[in-house]
Amino acid sequence: MAILGIGTDIADVPRFAEHIERVPELLDRLLTPAEQLKRNGKRRTDASLAARFSAKEALKKAIGFPGWLPWQSAEVVPARSGAPSFRLRGLVLEHFHRIEATNIHLSITHDADLTMTFVIVEGEGPSLSPGVDWDADHFG
């Protein structure tokens with residue numbers, strides 16, 4: 001198994017909250033109902049909501065999803081361990097299989113007004129971000 005792609009994203013929490021306040025229906029387009037609510041049924045904090053959106057942005061980069069990502073097709077959910085994970089469906093799941101991906105690692109953190117997410121996608125397919133070919137000719 002190899003790393004197929006990586007993705008990272010930083011979200012400004014007040015900016016995200018401002019967008020949601022201005023266009024409330026945006027929240028329903030970006031996040032599923034389960035992502036918006038805690039287990040007790042109360043709305044998550046702005047930092048938690050921004051982090052979930054940021055995770056989807058990082059996933060889009062890591063899997064090389066072409067064009068617009070159907071936000072509802074990638075849901076941030078807790079794994080059995082409690083760590084954040086993804087539940088994929090629809091076009092995102094189809095693309096995940098097409099690139100021969102088998103595993104996603106997701107890390108989310110936030111401090112003050114920023115959230116940061118990091119995604120690593122593993123699988124059997126070709127790398128989505130090949131990097132540099134470090135052969136002898138490279139150093140001339």
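No value in this document is a laboratory result; all are computed from the given coordinates. Remember, predicted model here, so these are calculated numbers, not experimental data. All Cβ positions, even for glycine, are placed from backbone atoms using ideal geometry, and neighbour counts span all protein chains on display.
Listing for the model above:
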{"item": "Per-residue [θ]222 nm for the chain (sum of -39500 (n - 2.57) over DSSP H runs n ≥ 4, rounded to 500)", "result": "-9500 deg cm²/dmol"}
{"item": "Identified option (computed Rg and Dmax of the Cα atoms in Å; candidates (i) 15.1, 47; (ii) 17.1, 60; (iii) 16.5, 62)", "result": "(iii)"}
{"item": "Relative packing of 35-43, 5-13, which averages over residues the other C-beta atoms within 10 Å, highest first", "result": "5-13, 35-43"}
{"item": "Nearest-0.05 FRET efficiency for residue 8 and residue 94, computed from C-beta distance (R0 25 Å)", "result": "0.55"}
